[in-house]
Amino acid sequence: VNDLPGGPAVNQLDLHPPVTRIASEVHSLHYWLMIVCVVIFVAVFGVMFYSILKHRKSQGAKPANFHESVAVEVAWTIVPFVIVTCMGFAATKTVVAQKDTTNADLTIKVTGYQWKWGYDYLKGEGAGISFLSTLDVSQRELSNAGTPQGDDYLLRVDNPLVVPVDTKVRVITTAADVIHAWMVPAFAVKQDAIPGFVRDNWFRAQKTGDFFGQCAELCGKEHAYMPIHVKVLSKEDYAKWVDSEKKKIAAKADDPSKVWTQADLIARGEKVYAANCAVCHRPDGKGAGPIKPLDGSPKVLDADKLVQVGVLLNGQNNGAMPAWKQLSDTEIAAVITYTKNNWGNKTGQTVQPSEVLAARQQ
Amino acid sequence: MSAVLDHHGGHAHDDHHDHHAPTGWRRWLFATNHKDIGTMYLLFSFTMLMIGGVLALCIRAELFKPGLQYFNPELFNSFTTMHGLIMVFGAIMPAFVGFANWMIPLQIGASDMAFARMNNLSFWLLIPAAIMLAGSFFMPGGAPAAGWTLYAPLTLQMGPSMDAGIFAMHIMGASSIMGSINIIVTILNMRAPGMTLMKMPLFAWTWLITAYLLIAVMPVLAGAITMTLTDRHFGTSFFNPAGGGDPVMYQHIFWFFGHPEVYIMILPAFGIVSAIIPAFARKKLFGYTSMVYATASIAILSFIVWAHHMYTTGMPVTGQLFFMYATMLIAVPTGVKIFNWVATMWRGSMTFETPMLFAVGFLFVFSMGGFTGLILSMAPIDQQLQDTYYVVAHFHYVLVAGSLYALFAGVYYWGPKWTGVMYSETRGKIHFWGSLIFFNVTFFPMHFLGLAGMPRRYADYPMQFADFNMIASIGAFGFGLMQVYFFLFVVVPMMRGKGEPAPQKPWEGAEGLEWEVPSPAPFHTFETPPKLDPTATKVIG
Amino acid sequence: MSAASNHGAAPYYFVPGPSRHPAMAAFGLFFVILGAGQWVNGHGWGAYSLFAGLAIWLITLYFWFGDAISESEGGQYSDRIDISFRWSMSWFIFSEVMFFAAFFGALYWARIHSVPALGSLENSLLWPDFKAIWPSAAPGNTASPAGTVAPFTTMGPWPIPTLNTAILLTSGVTLTIAHHALIAGQRSKTIFWMWITVLLGVTFLGFQAYEYMHAYHELNLKLTSGVYGSTFFMLTGFHGFHVFVGMLMLLFITLRLGKGHFTPTRHFGFEGAAWYWHFVDVVWLGLYIVVYWL
Ligand code: HEA
Ligand code: HEA
Ligand code: CUA
Ligand SMILES: [Cu+2]
């Protein structure tokens, strides 16, 4: 294995090399604090070990009998008090700077899903772009097989978050199901993503390159498998990237009023299923543990197609089955059609995007 | 001396309980004797330490190499969760209650605990709770896997075992509250005449304050998990934003309990160490009064720092700053304690039997954990380190090298009084040095992992973290073996009475009423209040 | 034989001998939690386990208290034990206060923090249509960003809660009258006023049951009515449960009074129950102000 630039280094002993001003400040705060702590530690335990060596019975030491002194007690209350207050002052400026998310050039909403990240560019150059970012499937399989390999093992994603260098990027975090945390150590950013609420944080990357992080709040079984990859581009490259993304969006946009054939929907649905549902419901649709099987599920087989549409749009069991609103109407129609006609399920039913759209608007 | 006490039993008004210890299983099941109940607490907590330890070894085995080796991630999360819960609620807390049961009546010259039957109920409630907790592994969906902090809304996704866990924790909470009431009342109302509060051994003091903390925060935990229960099953919206609730509200309530909880696990340890260091330095404890005040300050401050576990949830900047400063303040009273202990050792006449070794080990290694705590308390730094292995390193330094070491020290120190035999000094030393070395091998590398950004509660990790994880896992197995050694070669022989008979006061410099009764301590002690000398450390009639 | 009459013979500190009650109580509670955990997950047998466990536990408590009462009446309890009881009851009530504090805290957080935050400008990204108005401040508002909560009417302070406040306050007075009567040695007067107090407690519970029915059937206010419903029912529900327990305590004390227990100078059982009742009273005042009024 080699070091992964922007990610962990082999046997790294320290915080990541800072790439933002805040990260540099945190870095030096940490050094200072370490030094102060080590000095106090050495001083206190120096005294203790000196005493252990000299004042032992085997050395013939006779016990003294002092056991009280208001003066020393006051001294060693006040001195540490002053020390910690100074430490607090040193950190205050950074706390305030960290919390100042105003005047951002680019605003991106980061949504945590079990178990992937959704990125929506809200404001600034690139507004309107949005995509999901998932761990590379082959790496998940390597993990299962117990045969990990590669320098970016567990850190490679399909679609990295792309941002321009030297730009104040405000990230707004939220989540769809449970709490996640969006962490990029090189930027000193870690922000919980809380369902139903938004939180924000910011960074201004000073270098181009790839930077890696991972989900930092226990979010269920695939918690270890939802990495973060931020690609910092020069401003020109970023503009080019935005341009090409916009074109792709235009090309890909599914028209929800298009009428599909069942076979096409099933083919599309298979992909949607593999990307989103198979983690829990398993590729064979049998579910596992508390996860309900889809194969033979009464809700899937229900003659009223809206039953399953409702489950996908709103979730079920307090979000144990999350809502999948973020998928497009076509994707939802496709995956429902797929599950209704796969494995042992032979309903013959077809759900069209327009029906999902109608259900969504109710 | 002891002879005097034996005759002191006072037959005249003693017709309702027999003079001889009840025998057989009834002695334990129906116990009302604080010593027997204390023994049961200690054995229970040791069993839980073993179970929690085996779970920890499962974690470490899985993390030995990157890639999934033995367990699927869901099971791994259950291991982490159950390891945390069992260690905190099953091993450390009951162990301290066991110490309190054994030692507080002896130290303050009381005949027993204030409410002997309720005392037994406190103990026996732990059994159903432990069965429910451990049994949850066999329930459909597996054991709870939401971390020991049981954050909503992940808990809403758990299977039926979550409810078993919630009810088990209700019961354990009830047990803790009853135990605490018992301890407080015993201390406030049953001290022998002359044993004023400010002459009381520090162990009793620390427990008095701990019990207060317990009564204040266990009900709050009960509230939090009750809300989880109703959110899960009865459609309430405490933690559900769709209905106007807030997942972060759970965290506030939980940590209002959780932070005092960590001091609940360390204050009695301070008490034990405060008994041992003067005994082996052959010098009175330095700054007794300030020790009492420091303990109380820690307890009071512990109520206003909880959100240092929540810096990354996104608090307003004022909240961030308030909790940062408040947390850092706790270093001051804790420092006072450390300084007082060192001053006690200064110009003493020290020997290093096993209890003293563990006490000094405690001082040294716990302080390292304290300093990493201080580093974590700095909001900007914590945003880098929160939920990484740095935090795991921090709390094992304070919990294992803190609480657990103090417990070991206490077992070696008071074990002769409990069992009437001395442990083998060589074996004690092997246990100490083995534990100290393997402990650091296990947990020191975790600091590096955390700084490098390895998140906690991960079943698998990037390749760059492999070496330190491997070292940690090797250390963990070594540390585990040392505890097996401790059990087989120290605890078992002492329990079977193998070893040199212990004198009434095995430690030259020890002071206190517990050394005024024979070893092993007879079934009934101080049935009528002893008459004490002016220092309240000796019985004079 | 009453406690005071052979006071001199009481041991310095009575320590009971071995007892089967604690282990039995724990045994019963095992079935309680086992059953409860299963029942909430839809396994019907859980209910049997729960109630069997409760029965074991209650029977055990009955015998346990029986033992304690006969020890007390048998003159085994010295003044020092009396002090122990006082301390323990105070600390127990403190723990109850903290339990309620958790729920009051939840209400505070929901009103002051989470609902306003959900309706804030920033959060409009997620819930564009949600207006942060606490339900009791605006009729018809459901405090439910997702719109998943059916509209309901909130419970105002008039008339039942106010009546109930009056009832509880009165019961505090009647209880004090009974206490003074006991101290003055007027047993039948004591018993009379105790019955009045118990009856007031029962009336309170009756009113509350009626209020709940009213909420469910006419106001459409349910446990599932968003965070308002959650905090409303959990706070008033736990309080009601405590009233029920306190009422039982008073009832048993009354029955014991009828049997000639307690003396004008030593009657901690009475006082403990009274303290508890006053505590329940104070919690109600908090509820009345915070839940119904504000
Ligand atoms: C026994 C238990 C115990 C103890 C005693 C402590 C003690 C302290 N802890 Fe720790 N802590 C835990 C158990 C404990 N902790 C646990 C279990 C967690 C994780 C929970 C979870 O998430 O699962 C945790 C997590 C935790 C966090 C959150 C980390 C995160 O999740 O991001 C923080 C942050 O502030 C913190 C801080 C502190 C501080 C400042 C102290 C202080 O009390 C330490 C004070 C001591 C010293 C400072 C050393 C001695 C002092 C001197 C020699 C004097 C001179 C010193 C100076 C002048 C600086 N702890
Ligand atoms: C309270 C006390 C306590 C104690 C004593 C311990 C003891 C140990 N803990 Fe800890 N631990 C916690 C409290 C504690 N822990 C908490 C609260 C968490 C957080 C949980 C969460 O995230 O929710 C945690 C989490 C935690 C993690 C992080 C898991 C994760 O994030 O996924 C790890 C990883 O290494 C770990 C390891 C260990 C080890 C190796 C020990 C060792 O010290 C254990 C040693 C003991 C034994 C090993 C038992 C004796 C041996 C036998 C019975 C025989 C078998 C032995 C052999 C054959 C060798 N613990
Ligand atoms: Cu998402 Cu952990
Ligand atoms: Cu804390």
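The values are calculated or read from the model by the stated rules, or taken from the named source; none is laboratory data. The structure presented is a predicted model; accordingly, all values stated were derived computationally and were not measured. No Cβ is skipped: glycine too gets one built from the backbone with ideal geometry, and neighbour counts run over all protein chains shown. Side chains included, ligands, DNA and RNA excluded: accessible areas come from the protein's heavy atoms. Shrake-Rupley method; radii C 1.70, N 1.55, O 1.52, S 1.80 Å.
Scanning the stretch C:20-53 for residues that are open to solvent by 60 Å² or more (accessible area, probe 1.4 Å) and either among the aliphatic types (A, V, I, L, M) or touching a Phe, Trp or Tyr at 6+ places or on another chain (Cβ under 6 Å) (or both) returns C:Arg20, C:Met24.
Each row is one residue, and each column tells you yes or no for (1) touching a Lys or Arg at 6+ places or on another chain (Cβ under 8 Å); (2) closer than 21 Å to C:Ala166 by Cα; (3) among the polar types (S, T, N, Q); (4) at pLDDT 95 or above.
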residue: C:Val227; (1), (2), (3), (4): no, no, no, no
residue: C:Phe232; (1), (2), (3), (4): no, yes, no, no
residue: C:Phe241; (1), (2), (3), (4): no, yes, no, yes
residue: C:Phe252; (1), (2), (3), (4): no, no, no, no
residue: C:Arg256; (1), (2), (3), (4): no, no, no, no
residue: C:Lys259; (1), (2), (3), (4): no, no, no, no
residue: C:Pro264; (1), (2), (3), (4): no, no, no, no
residue: C:Ile289; (1), (2), (3), (4): no, yes, no, no
residue: C:Tyr292; (1), (2), (3), (4): no, yes, no, no
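Residues that are open to solvent by less than 70 Å² (accessible area, probe 1.4 Å), farther than 30 Å from A:Arg282 by Cβ, under 21 Å from the mean Cα position of the chain (by Cα) and within 14 Å of chain B (Cβ to nearest Cβ) are absent from the stretch A:214-224 altogether. Among the residues of the stretch B:167-205, just one is surrounded by fewer than 22 Cβ atoms within 10 Å (Cβ to Cβ) and of a type in the set (Ser, Thr, Tyr), namely B:Thr196.
Only a single item in (1) of a type outside the set (A, V, I, L, M); (2) assigned to a loop (DSSP other than H, G, I, E, B); (3) open to solvent by 10 Å² or more (accessible area, probe 1.4 Å) is not met by A:Lys109, and it is number (2). Assess whether B:Met470 counts as being open to solvent by less than 30 Å² (accessible area, probe 1.4 Å) and out of contact with any Asp or Glu (no Cβ under 9 Å at 6 or more places or on another chain). No, not satisfied. Taken over the stretch B:339-398, the criterion of being within 16 Å of ligand 2 (Cβ to nearest atom), aromatic (Phe, Trp, Tyr) and either within 17 Å of the chain's Cα centre (by Cα) or part of a loop (DSSP other than H, G, I, E, B) (or both) is satisfied by B:Phe358, B:Phe362, B:Phe366, B:Phe395, B:Tyr397.
Considering only the stretch B:226-236, I want to know if a residue exists there that is within 14 Å of chain A (Cβ to nearest Cβ), β-branched (Val, Ile, Thr) and within 16 Å of ligand 2 (Cβ to nearest atom). Don't jump to the end; show me each part of the working.
Taking the stretch B:226-236 as the starting set, the residues that turn out to be within 14 Å of chain A (Cβ to nearest Cβ) are B:227-236.
From what's left, β-branched (Val, Ile, Thr): B:228, B:230, B:236.
Now narrow it down to the ones that are within 16 Å of ligand 2 (Cβ to nearest atom): B:228.
Yes.
Tell me which residues, restricted to the stretch C:192-249, are closer than 13 Å to C:Val280 by Cα, surrounded by 17 or more Cβ atoms within 10 Å (Cβ to Cβ), among the aromatic types (Phe, Trp, Tyr) and within 14 Å of another protein chain (Cβ to nearest Cβ). Within the stretch C:192-249, C:Phe238 is the sole residue that qualifies. For the stretch B:481-495, does any single residue satisfy the condition of being aliphatic (A, V, I, L, M) and more than 25 Å from the chain's Cα centre (by Cα)? Looking for residues that are aliphatic (A, V, I, L, M) and more than 25 Å from the chain's Cα centre (by Cα), one finds none in the stretch B:481-495, hence no.
Considered as a group, the residues in the stretch B:147-157 that are crowded, with 24+ Cβ neighbours inside 10 Å and away from ligand 1 (no atom under 16 Å from the Cβ) include one that is farthest from C:Gly42 (Cα to Cα), and that residue is B:Pro153.
A quick yes/no check of all residues on (1) in contact with a strand residue (DSSP E or B) (Cβ under 7 Å, 6 or more places away or on another chain); (2) aromatic (Phe, Trp, Tyr); (3) closer than 19 Å to B:Val317 by Cα:
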site	(1), (2), (3)
A:Phe66	no, yes, no
A:Ser69	no, no, no
A:Ala75	no, no, no
A:Phe81	no, yes, no
A:Ala90	no, no, yes
A:Val95	no, no, yes
A:Thr101	yes, no, yes
A:Leu106	yes, no, no
A:Thr111	yes, no, no
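Of all residue pairs spaced 6 or more apart or on separate chains, those with beta-carbon atoms under 9 Å, a first member in the stretch A:137-153 that is more than 9 Å from chain B (Cβ to nearest Cβ) and a second member that is in a helix (DSSP H, G or I) and crowded, with 20+ Cβ neighbours inside 10 Å are A:Gln139/A:Tyr225; A:Arg140/A:Tyr225.
Of all residues in the stretch A:178-198, how many are of a type outside the set (A, V, I, L, M, F, W, C) and either surrounded by fewer than 24 Cβ atoms within 10 Å (Cβ to Cβ) or within 15 Å of ligand 1 (Cβ to nearest atom) (or both)? Can you show your working first?
Here is the first cut: in the stretch A:178-198, the residues of a type outside the set (A, V, I, L, M, F, W, C) are A:180, A:185, A:190-192, A:195-196.
If we keep only those that are either surrounded by fewer than 24 Cβ atoms within 10 Å (Cβ to Cβ) or within 15 Å of ligand 1 (Cβ to nearest atom) (or both) too, we end up with A:185, A:190-192.
The number of residues fulfilling the criteria is 4.
The listed residues are B:Pro144, B:Pro160, B:Pro140, and the only one of them that is at pLDDT below 95 and crowded, with 24+ Cβ neighbours inside 10 Å turns out to be B:Pro144. Just one of the listed residues (B:Phe364, B:Phe432) is surrounded by fewer than 21 Cβ atoms within 10 Å (Cβ to Cβ) and either without any contact (Cβ under 8 Å) to a residue 24 or more places away in the chain or under 30 Å from B:Pro105 (Cα atoms) (or both), namely B:Phe364.
Under the condition of being free of Cβ contacts under 8 Å to residues at least 24 places away in the same chain and part of a helix (DSSP H, G or I), which residue from the stretch C:112-124 is surrounded by the most Cβ atoms within 10 Å (Cβ to Cβ)?
Taking the stretch C:112-124 and keeping what is free of Cβ contacts under 8 Å to residues at least 24 places away in the same chain, we get C:112-113, C:116-117, C:120-124.
Within this subset, residues satisfying the condition of being part of a helix (DSSP H, G or I) are C:112-113, C:116-117, C:122-124.
Working: C:Ile112: 11, C:His113: 14, C:Pro116: 14, C:Ala117: 17, C:Glu122: 12, C:Asn123: 20, C:Ser124: 13.
The extreme case among them is C:Asn123.
Taken together, the residues in the stretch B:509-524 that are in a loop (DSSP other than H, G, I, E, B) and over 23 Å from B:Leu407 (Cβ atoms) amount to 4. Identify the residue in the stretch B:57-78 that is farther than 20 Å from B:Phe468 by Cβ and in a helix (DSSP H, G or I) and, among all such residues, is nearest to ligand 1 (Cβ to nearest atom). Checked the stretch B:57-78; the qualifying residue nearest to ligand 1 (Cβ to nearest atom) is B:Asn77. When the stretch B:83-117 is filtered for residues that are away from ligand 4 (no atom under 16 Å from the Cβ) and either in contact with an Asp or Glu (Cβ under 8 Å, 6 or more places away or on another chain) or assigned to a loop (DSSP other than H, G, I, E, B) (or both), the ones remaining, listed by number, are B:Met103, B:Pro105, B:Leu106, B:Gln107, B:Gly109, B:Ala110, B:Ser111, B:Asp112, B:Met113, B:Ala114, B:Phe115. For the stretch A:247-294, which positions are open to solvent by 40 Å² or more (accessible area, probe 1.4 Å), in a loop (DSSP other than H, G, I, E, B) and closer than 28 Å to A:Arg140 by Cβ? Those that are open to solvent by 40 Å² or more (accessible area, probe 1.4 Å), in a loop (DSSP other than H, G, I, E, B) and closer than 28 Å to A:Arg140 by Cβ: A:Asp254, A:Arg282, A:Pro283, A:Asp284, A:Lys286, A:Gly289, A:Pro290, A:Lys292, A:Pro293.
Residue by residue, here is whether (1) within 16 Å of ligand 3 (Cβ to nearest atom); (2) out of contact with any Asp or Glu (no Cβ under 8 Å at 6 or more places or on another chain); (3) assigned to a helix (DSSP H, G or I); (4) over 21 Å from A:Thr167 (Cβ atoms) holds:
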position: A:Trp76; (1), (2), (3), (4): no, yes, yes, yes
position: A:Val84; (1), (2), (3), (4): no, yes, yes, yes
position: A:Phe89; (1), (2), (3), (4): no, yes, yes, yes
position: A:Val95; (1), (2), (3), (4): no, yes, yes, yes
position: A:Gln98; (1), (2), (3), (4): no, yes, yes, no
position: A:Asn103; (1), (2), (3), (4): no, yes, no, no
position: A:Leu122; (1), (2), (3), (4): no, yes, no, no
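Quick one: in the stretch B:446-465, which of the residues that are more than 7 Å from chain A (Cβ to nearest Cβ) and open to solvent by 10 Å² or more (accessible area, probe 1.4 Å) is nearest to ligand 1 (Cβ to nearest atom)? Looking at residues that are more than 7 Å from chain A (Cβ to nearest Cβ) and open to solvent by 10 Å² or more (accessible area, probe 1.4 Å), I get B:Arg456. Screening A:Ala127 against (1) at pLDDT 90 or above; (2) touching a strand residue (DSSP E or B) at 6+ places or on another chain (Cβ under 7 Å); (3) open to solvent by 10 Å² or more (accessible area, probe 1.4 Å) leaves a single unmet condition, (1).
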